[in-house]
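Worksheet: one structure, shown below.
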Amino acid sequence: MFRLYSDRAARKAIERESVWIRQVAAKYQVPASWIQAILLKEMTALDLFDPLADLAVRLYYFRYRLTGRAPKPGTGMLSKNDSSTGWAQIYAFVAINALNFAADRGIADYADFGFDPAKRLRVESPEDRWLVWRRLNRDRHFNIEMCALNLLNCAEERTGKTDVLSFSPEEEKQTFTRYNGNVPQITPYAETVYRYRQEYRRQEQQKI
(Lines give C-alpha, C1' and ligand atoms only; values in the text may rest on other atoms or scores of the structure.)
Protein backbone atom coordinates (compact mmCIF):
# COMPACT_ATOMS: atom_id res chain seq x y z
CA MET A 1 0.00 0.00 0.00
CA PHE A 2 1.21 3.50 -0.87
CA ARG A 3 2.68 5.26 2.15
CA LEU A 4 1.83 8.90 2.73
CA TYR A 5 5.23 9.67 4.30
CA SER A 6 8.60 8.19 3.52
CA ASP A 7 11.06 7.96 6.40
CA ARG A 8 12.91 10.99 5.05
CA ALA A 9 9.75 13.08 4.54
CA ALA A 10 8.48 12.23 8.02
CA ARG A 11 11.77 13.21 9.63
CA LYS A 12 11.82 16.53 7.80
CA ALA A 13 8.23 17.28 8.79
CA ILE A 14 8.95 16.46 12.43
CA GLU A 15 12.03 18.70 12.34
CA ARG A 16 9.90 21.59 11.08
CA GLU A 17 7.75 21.22 14.22
CA SER A 18 10.74 20.86 16.53
CA VAL A 19 10.14 24.16 18.33
CA TRP A 20 6.56 23.22 19.21
CA ILE A 21 7.59 19.69 20.19
CA ARG A 22 10.20 21.05 22.59
CA GLN A 23 7.67 23.48 24.07
CA VAL A 24 5.18 20.66 24.67
CA ALA A 25 7.91 18.44 26.09
CA ALA A 26 8.98 21.13 28.55
CA LYS A 27 5.38 21.93 29.51
CA TYR A 28 4.56 18.37 30.50
CA GLN A 29 8.04 17.11 31.43
CA VAL A 30 8.02 14.47 28.70
CA PRO A 31 11.20 13.84 26.69
CA ALA A 32 11.00 15.50 23.29
CA SER A 33 12.54 12.33 21.89
CA TRP A 34 9.48 10.37 23.07
CA ILE A 35 7.16 12.59 21.06
CA GLN A 36 9.46 12.59 18.03
CA ALA A 37 9.79 8.81 18.12
CA ILE A 38 6.02 8.27 18.31
CA LEU A 39 5.46 10.69 15.44
CA LEU A 40 8.08 9.02 13.27
CA LYS A 41 6.63 5.57 13.89
CA GLU A 42 3.05 6.65 13.27
CA MET A 43 3.68 8.90 10.27
CA THR A 44 5.71 6.30 8.37
CA ALA A 45 2.85 3.82 8.86
CA LEU A 46 0.21 6.10 7.31
CA ASP A 47 -1.25 4.87 4.04
CA LEU A 48 -4.22 5.57 1.78
CA PHE A 49 -6.61 3.77 4.11
CA ASP A 50 -6.08 6.41 6.80
CA PRO A 51 -7.66 9.32 4.87
CA LEU A 52 -10.53 6.97 3.96
CA ALA A 53 -11.07 6.19 7.65
CA ASP A 54 -11.09 9.91 8.41
CA LEU A 55 -13.63 10.47 5.64
CA ALA A 56 -15.87 7.79 7.14
CA VAL A 57 -15.82 9.64 10.48
CA ARG A 58 -16.76 12.92 8.79
CA LEU A 59 -19.65 11.18 7.03
CA TYR A 60 -20.84 9.70 10.33
CA TYR A 61 -21.05 13.08 12.02
CA PHE A 62 -22.51 14.74 8.93
CA ARG A 63 -25.36 12.24 9.10
CA TYR A 64 -25.61 12.63 12.86
CA ARG A 65 -25.99 16.41 12.55
CA LEU A 66 -28.66 15.99 9.86
CA THR A 67 -30.74 13.39 11.69
CA GLY A 68 -29.84 13.91 15.34
CA ARG A 69 -29.48 10.15 15.65
CA ALA A 70 -26.34 8.01 15.83
CA PRO A 71 -26.26 5.39 13.03
CA LYS A 72 -26.61 1.83 14.22
CA PRO A 73 -23.48 -0.37 14.34
CA GLY A 74 -22.79 -2.37 11.22
CA THR A 75 -24.19 0.11 8.68
CA GLY A 76 -20.99 0.48 6.64
CA MET A 77 -18.91 3.65 6.38
CA LEU A 78 -21.58 5.69 8.15
CA SER A 79 -21.15 3.66 11.33
CA LYS A 80 -17.54 4.74 11.99
CA ASN A 81 -17.58 7.40 14.72
CA ASP A 82 -13.86 7.53 15.50
CA SER A 83 -10.51 6.97 13.85
CA SER A 84 -6.86 7.42 14.69
CA THR A 85 -6.01 10.70 13.03
CA GLY A 86 -3.23 13.24 12.58
CA TRP A 87 0.50 12.80 12.87
CA ALA A 88 0.29 11.06 16.25
CA GLN A 89 -2.62 8.87 15.07
CA ILE A 90 -4.86 9.49 18.07
CA TYR A 91 -8.48 8.46 18.44
CA ALA A 92 -10.94 10.97 19.88
CA PHE A 93 -11.76 8.62 22.77
CA VAL A 94 -8.05 8.33 23.58
CA ALA A 95 -7.60 12.11 23.57
CA ILE A 96 -10.70 12.55 25.74
CA ASN A 97 -9.32 10.06 28.25
CA ALA A 98 -5.96 11.84 28.18
CA LEU A 99 -7.60 15.24 28.71
CA ASN A 100 -9.66 13.93 31.62
CA PHE A 101 -6.55 12.32 33.09
CA ALA A 102 -4.67 15.63 32.82
CA ALA A 103 -7.53 17.55 34.41
CA ASP A 104 -7.87 15.04 37.25
CA ARG A 105 -4.11 15.17 38.00
CA GLY A 106 -3.84 18.95 37.73
CA ILE A 107 -1.52 18.62 34.74
CA ALA A 108 -3.72 20.72 32.45
CA ASP A 109 -7.19 22.23 32.37
CA TYR A 110 -9.91 21.96 29.74
CA ALA A 111 -9.78 25.72 29.28
CA ASP A 112 -6.14 25.44 28.20
CA PHE A 113 -7.45 23.91 24.97
CA GLY A 114 -10.50 26.09 24.52
CA PHE A 115 -12.98 23.64 26.04
CA ASP A 116 -15.58 24.50 28.66
CA PRO A 117 -13.74 24.25 32.01
CA ALA A 118 -16.99 23.42 33.81
CA LYS A 119 -17.88 20.49 31.57
CA ARG A 120 -16.09 17.16 31.76
CA LEU A 121 -15.59 15.61 28.33
CA ARG A 122 -17.39 12.30 27.83
CA VAL A 123 -16.36 9.53 25.47
CA GLU A 124 -19.98 8.44 25.08
CA SER A 125 -21.07 11.91 23.91
CA PRO A 126 -21.19 12.22 20.09
CA GLU A 127 -20.80 15.97 20.42
CA ASP A 128 -17.66 15.67 22.55
CA ARG A 129 -16.16 12.99 20.30
CA TRP A 130 -16.74 15.09 17.19
CA LEU A 131 -15.37 18.23 18.86
CA VAL A 132 -12.16 16.48 19.92
CA TRP A 133 -11.75 14.41 16.74
CA ARG A 134 -12.08 17.46 14.53
CA ARG A 135 -9.38 19.26 16.56
CA LEU A 136 -7.11 16.23 16.33
CA ASN A 137 -7.63 16.07 12.59
CA ARG A 138 -7.24 19.76 11.79
CA ASP A 139 -4.91 21.14 14.45
CA ARG A 140 -1.44 19.61 14.29
CA HIS A 141 -0.26 21.35 17.45
CA PHE A 142 -3.25 20.04 19.39
CA ASN A 143 -2.58 16.56 17.99
CA ILE A 144 1.04 16.66 19.15
CA GLU A 145 0.04 17.96 22.58
CA MET A 146 -2.46 15.11 22.95
CA CYS A 147 0.37 12.72 22.07
CA ALA A 148 2.29 14.01 25.11
CA LEU A 149 -0.71 13.78 27.45
CA ASN A 150 -1.55 10.31 26.21
CA LEU A 151 2.03 9.20 26.87
CA LEU A 152 1.71 10.40 30.48
CA ASN A 153 -1.60 8.59 30.81
CA CYS A 154 -0.06 5.42 29.36
CA ALA A 155 2.94 5.75 31.68
CA GLU A 156 0.77 5.92 34.79
CA GLU A 157 -1.39 3.04 33.64
CA ARG A 158 1.56 0.74 32.97
CA THR A 159 3.98 1.80 35.71
CA GLY A 160 1.93 3.72 38.28
CA LYS A 161 4.19 6.74 37.77
CA THR A 162 4.29 9.91 35.69
CA ASP A 163 7.84 11.10 36.43
CA VAL A 164 8.83 9.79 33.01
CA LEU A 165 12.17 11.62 32.85
CA SER A 166 13.52 9.03 35.33
CA PHE A 167 12.10 5.96 33.58
CA SER A 168 14.18 2.87 32.90
CA PRO A 169 14.29 1.43 29.35
CA GLU A 170 11.81 -1.24 30.47
CA GLU A 171 9.36 1.40 31.75
CA GLU A 172 9.72 3.42 28.57
CA LYS A 173 8.93 0.38 26.45
CA GLN A 174 5.95 -0.45 28.64
CA THR A 175 4.65 3.08 28.03
CA PHE A 176 5.17 2.85 24.28
CA THR A 177 3.43 -0.52 24.23
CA ARG A 178 0.36 0.98 25.88
CA TYR A 179 0.31 3.90 23.44
CA ASN A 180 -0.39 1.46 20.62
CA GLY A 181 -2.36 -1.28 22.37
CA ASN A 182 -3.23 -3.01 25.60
CA VAL A 183 -1.23 -6.22 25.90
CA PRO A 184 0.98 -7.27 28.84
CA GLN A 185 4.14 -7.99 26.87
CA ILE A 186 6.40 -5.39 25.27
CA THR A 187 5.55 -5.25 21.57
CA PRO A 188 7.63 -4.84 18.39
CA TYR A 189 5.95 -1.44 18.05
CA ALA A 190 7.43 -0.38 21.39
CA GLU A 191 10.87 -1.71 20.48
CA THR A 192 10.84 0.33 17.27
CA VAL A 193 9.69 3.48 19.04
CA TYR A 194 12.39 2.98 21.68
CA ARG A 195 15.03 2.66 18.95
CA TYR A 196 13.82 5.91 17.38
CA ARG A 197 13.80 7.52 20.82
CA GLN A 198 17.44 6.59 21.35
CA GLU A 199 18.33 8.01 17.95
CA TYR A 200 16.61 11.32 18.63
CA ARG A 201 18.16 11.54 22.09
CA ARG A 202 21.66 11.08 20.63
CA GLN A 203 20.97 13.82 18.11
CA GLU A 204 19.83 16.16 20.87
CA GLN A 205 22.91 15.42 22.98
CA GLN A 206 25.18 16.17 20.02
CA LYS A 207 23.65 19.65 19.73
CA ILE A 208 24.50 20.52 23.33
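Quote the Stokes-Einstein diffusion coefficient, in whole µm² s⁻¹, for the chain, based on the Kirkwood radius over alpha carbon pairs, a temperature of 4 °C and a viscosity of 1.567 mPa s.
D = 73 µm²/s.
May I ask you to list the lysines whose Cα is less than 18 Å away from that of Lys173, ignoring any residue fewer than eight positions away on the same chain?
Within the straight-line cut-off, Lys173 pairs with Lys41, Lys161.
Counting only heavy atoms of the protein chains, get the accessible area per residue of the stretch 151-199 (1.4 Å probe) and round it to a whole Å² value.
So the stretch 151-199 comes to 47 Å² accessible per residue, rounded to a whole number.
Suppose every K and R has +1 on its Cβ and every D and E has -1 on its Cβ; what is the size of the dipole of the chain about the Cα centre, in Debye to the nearest 20?
520
How far is the Cα center of the stretch 82-100 from the Cα center of the stretch 28-66, in Å?
Centre-to-centre (Cα) distance: 8 Å.
Percent of accessible area on the chain owned by carbon and sulfur, 1.4 Å probe?
Ligands and nucleic acids excluded, carbon and sulfur reach 52 percent.
Where Lys and Arg each count +1 and Asp and Glu each count -1, what net charge lies around Asn143 among other residues with Cβ under 14 Å from its Cβ?
So the environment of Asn143 carries a net charge of -2.
Show which lysines lie in cross-link reach of Lys207 when reach means a straight Cα distance below 20 angstrom and same-chain residues fewer than eight apart are skipped.
Lys12
Provide the net charge surrounding Phe101, with neighbours chosen by a C-beta distance below 10 Å and charges set as Lys +1, Arg +1, Asp -1, Glu -1.
That works out to -2.
Report the semi-axes of the equivalent ellipsoid for the stretch 117-201 in whole Å, largest first, where each axis is √(5λ) for an eigenvalue λ of the Cα gyration tensor.
Value: 27, 15, 13 Å, ordered largest first.
The values are calculated or read from the model by the stated rules, or taken from the named source; none is laboratory data. What you see is a predicted model; the values in this text were computed from it and never measured. All Cβ positions, even for glycine, are placed from backbone atoms using ideal geometry, and neighbour counts span all protein chains on display. Keep in mind that these areas ignore ligands, DNA and RNA; they rest on the heavy atoms of the full protein, side chains included. Shrake-Rupley method; radii C 1.70, N 1.55, O 1.52, S 1.80 Å.
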